[in-house]
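Chemist: Mind looking over this structure? Questions follow.
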Amino acid sequence: MRGRLTAAGLALLLATTLLSACGSGADDQGTVRIAAASDLKFALEEIAAMVRRDHPGLEITTTYGSSGQFVQQIRNGAPFDVFLSADEAYVRDLVTEDLADAADEFPYGVGRLVTWFPDGAPEQDAGLGTLAEPAVRTVAIANPEHAPYGRAAMAALESAGVLDRVTPKLVLGENVAQAAEFARSGNADAGIIALSLVLSDPLRGMGSWTEVPLDAYPRLDQAGLVLSGAADREAAMVVRDAMLGDEGREVLARYGFFLPGDDAGAG
């Protein structure tokens, strides 16, 4: 009869509805827009590839830059879902300003500084003191005004007692990745940059580097945050969980990101 649904028709309708609901979940579809500190570029690209492998319908777009500049953009309404900061203080600021919930903060590693010299440099495999030598004319660091690695570099130079002599040589990048590029390209004779970048292409296997002692600068506790304005919160959580899972942790460790309290060295 017209207007009546048979048992077979009802079963088909229910199956179709359930299939549609499963196919539209955040695990399989959605978009996550990430603002990430530039030292994360290579590690995060590997993690994003893992997410796409496990959730083929999930789209991830990532912008890399300076953590301090991202904070200003987020305050001004920039449409990011996840913020991955090189300094957890920026994350706490956004929580205080009600742009995110404290429960959605997650630490993902401690950043590390190195001094890096290109192949053929007159001084190689040397520490911070070498940067004050006349043979080193320019030193690239991230801009300390808004880049945590830049502030850490300045603190390390002060700790080594060479800040006054090195400051006139400084070439500032907008972020630590740009500072690394200045050193790699020859626009600076040396750099104080992130360990994660010397363990990544294109610097991997180039030049020589020495890790700066961790007690020479304030610890770079790095943390992420799922923002209150996230367009697809469940999809954003998929990315967070991938970073914190066993496979994600293994990727981060390969790039020198160890969790607070981990005594592992750079190797």
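Coordinate-derived values only; no laboratory data. No experiment lies behind these values; they were computed from the predicted model shown. Because the Cβ atoms are built from the backbone with ideal geometry, glycine has one as well, and the counts that use them run over all protein chains shown.
Chemist: So, counting K/R as plus one and D/E as minus one, what does the shell of residues with Cβ under 11 Å around Arg33 add up to?
Modeler: Net local charge, Arg33 excluded: -3.
Chemist: Given H placed 1.01 Å from N in the peptide plane, which residues other than close sequence neighbours of Thr31 have an amide H under 5 Å from its amide H?
Modeler: Amide H neighbours of Thr31: Glu59.
Chemist: Right, next: Which loop-located trypsin sites (Lys or Arg not before Pro) does the range 102-209 contain, where loop means any DSSP state but H, G, I, E or B and the Cβ has at most 13 other Cβ atoms within 10 Å?
Modeler: Here the sparse-neighbourhood loop sites are Arg137, Arg204.
Chemist: Let me ask you something else. How many nm is it between the label spots at Asp164 and Gln69, if each spot is 7 Å from the Cα in line with the beta carbon?
Modeler: 3.3 nm
Chemist: Take the Cβ-Cβ distance between Glu45 and Arg233 as r, set R0 to 25 Å, and report the resulting FRET efficiency rounded to the nearest 0.05.
Modeler: According to the calculation, E is roughly 0.60.
Chemist: A further question on this structure: Enumerate the amide H contacts of Gly109 below 5 Å, restricted to partners 5 or more residues apart or on another chain; note that Pro and chain-start residues carry no placed amide H.
Modeler: For Gly109, the qualifying residues are Gln222.
Chemist: For the range 168-182, what does the Karplus curve 6.51 cos²θ - 1.76 cosθ + 1.60, with θ = phi - 60°, yield as ³J(HN,Hα) per residue in whole Hz, taken in order and with x for Gly and Pro?
Modeler: Using θ = phi - 60°, the values come out as x, 8, 5, 10, 9, x, 4, 8, 5, 5, 5, 4, 5, 5, 4 Hz.
Chemist: Ok, one more. Pop out the ³J(HN,Hα) list for the range 64-70 in order, Karplus 6.51 cos²θ - 1.76 cosθ + 1.60 with θ = phi - 60°, rounded to Hz; leave Gly and Pro as x.
Modeler: Ordered by residue, 3J(HN,Hα) equals 9, x, 8, 4, x, 5, 4 Hz.
Chemist: In whole Hz, what ³J(HN,Hα) sequence does the range 97-109 give by Karplus (6.51, -1.76, 1.60; θ = phi - 60°), x for Gly and Pro?
Modeler: Computed from phi, the couplings for the range 97-109 are 8, 6, 9, 6, 9, 4, 5, 9, 8, 8, x, 10, x Hz.
Chemist: Mind grabbing the base-10 log of I(q)/I(0) for the range 111-267 at q = 0.10, 0.13, 0.16 Å⁻¹? Debye formula, identical points on the C-alpha positions, no solvent, two decimal places.
Modeler: At q = 0.10, 0.13, 0.16 Å⁻¹ the computed log10 ratios are -0.38, -0.62, -0.87.
Chemist: Further question on the same structure: Evaluate the distance, in nm, between pseudo-label points positioned 7 Å from the Cα of Val95 and of Leu214 along their respective Cα→Cβ axes.
Modeler: 2.1 nm
Chemist: With an 8 Å Cα cut-off and a minimum separation of 6 or more residues, compute the relative contact order for the range 113-211 in percent.
Modeler: With pairs under 8 Å counted, the relative contact order is 43 percent.
Chemist: Related question: Taking amide H atoms as placed 1.01 Å from N in the peptide plane, list the residues 5 or more away in sequence, or in a different chain, whose amide H sits under 5 Å from that of Asp101.
Modeler: Ser228
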